[in-house]
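> Quick one: the structure is below, questions incoming.
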Amino acid sequence: MRGRLHPALPVEGATQAPVIAGKSMLEEEGIIVDLVDGKAVVKAHRSGMCNSCSASRSCHSASEKDMIIEVRNPVNAKIGQRVKIALSSGSVMYASIIIYLVPLISLFIGAITGKWVAIGVNNTINQELSEAAFAIVFLIASFLIIRACNKRVEGNPDFIPVITEILDGNL
C-alpha cells in the first residue's frame, strides 16, 4: 500500500496524537531514507498497530521490524532526519470499514440472494450450492468495489500520512 499506512485500529505502540485541525491523529516515528517527488520515504519501526493488522506481511517491509512508508513532507524534512508521521484516525476507521465490513456484508447478502433465487425457482436447484455461488460472486464484486474506491481515494491527502514534526537532525 504505497503512500498510506495500512489501516488498522490503534493498539499498543501507536499513540493517539492531539487533535490537529479538528482531526484526531495516529502517530508513528521514523527516519527519512529518500525524497521522491515532494514526498518523503520514511523507514518506521513496526509497532503494535502493525502486529494486529492482517496485511502486515504485505506492507512495504524493510525487515521484520521495519516498514517503508511514502508520506507528505510539508515541513521539508531531509534525508536522515527522525520525524513524526501522522494519519487521521477517521481515515483509518473509514478504510477499516471498507476493507473488512464491505466484503463481510457482501458475503451475507450474496448468500441470502442465493437462497431467494433457489426458492424462487421452486427448489429445482440445490439451495446450498446457490447460496455458496452467490456468496462468492458477491464477495468478488465487493473486492472490485473496494479496488475502485481505492483508486478514488489514492490521491486524497486525508489518506496519506504526513510528517508533522522533525524530532532531530541527521543521525
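The values are calculated or read from the model by the stated rules, or taken from the named source; none is laboratory data. These numbers come from a predicted model, not from an experiment. All Cβ positions, even for glycine, are placed from backbone atoms using ideal geometry, and neighbour counts span all protein chains on display. These area figures cover heavy atoms from the full protein model, side chains too; ligands, DNA and RNA do not enter into them. Shrake-Rupley method; radii C 1.70, N 1.55, O 1.52, S 1.80 Å.
> Looking only at segment 61-103, which residues are open to solvent by 30 Å² or more (accessible area, probe 1.4 Å) and in contact with a helix residue (DSSP H, G or I) (Cβ under 9 Å, 6 or more places away or on another chain)?
If the condition is that a residue be open to solvent by 30 Å² or more (accessible area, probe 1.4 Å) and in contact with a helix residue (DSSP H, G or I) (Cβ under 9 Å, 6 or more places away or on another chain), then ARG72, GLY90, TYR94, ILE98, ILE99, VAL102 are the ones that fit.
> So, in segment 151-171, of the ones that are assigned to a loop (DSSP other than H, G, I, E, B) and surrounded by 10 or more Cβ atoms within 10 Å (Cβ to Cβ), which residue ends up modelled with the highest pLDDT? Even if it seems obvious, please write down each step before you answer.
In the first step, residues of segment 151-171 are kept if they are assigned to a loop (DSSP other than H, G, I, E, B); the result is 154-156, 160-161, 171.
After this cut, where a residue has to be surrounded by 10 or more Cβ atoms within 10 Å (Cβ to Cβ) as well, the list is 154, 156, 160-161.
Details: GLU154: 75, ASN156: 75, ILE160: 81, PRO161: 87.
By that ranking, first place goes to PRO161.
> Restricted to segment 116-150, and to residues that are within 33 Å of the chain's Cα centre (by Cα) and of a type in the set (D, E, K, R), which residue is most open to solvent (accessible area, probe 1.4 Å)?
Per the criteria, the residue is ARG147.
> Report, ordered by the first and then the second residue, all pairs with beta carbons closer than 9 Å, sequence separation of six or more or different chains, a first member in segment 109-124 that is free of Cβ contacts under 8 Å to residues at least 60 places away in the same chain, and a second member that is surrounded by fewer than 16 Cβ atoms within 10 Å (Cβ to Cβ) and not in a helix (DSSP H, G or I).
VAL117/ILE125; ALA118/THR124; ALA118/ILE125; ALA118/ASN126
> Consider SER47 carefully, then state whether it is at pLDDT below 90, within 15 Å of PHE159 (Cα to Cα), under 17 Å from the mean Cα position of the chain (by Cα) and open to solvent by less than 20 Å² (accessible area, probe 1.4 Å).
Values: at pLDDT below 90: yes; within 15 Å of PHE159 (Cα to Cα): no; under 17 Å from the mean Cα position of the chain (by Cα): yes; open to solvent by less than 20 Å² (accessible area, probe 1.4 Å): yes.
No, not satisfied.
> Would you call ILE125 modelled with pLDDT of 85 or more and over 22 Å from ALA44 (Cβ atoms)?
For ILE125, the condition - modelled with pLDDT of 85 or more and over 22 Å from ALA44 (Cβ atoms) - is not met.
> State which residue is modelled with the lowest pLDDT when the search covers only segment 34-44 and only residues that are within 11 Å of ILE69 (Cβ to Cβ) and of a type in the set (A, V, I, L, M).
ALA44
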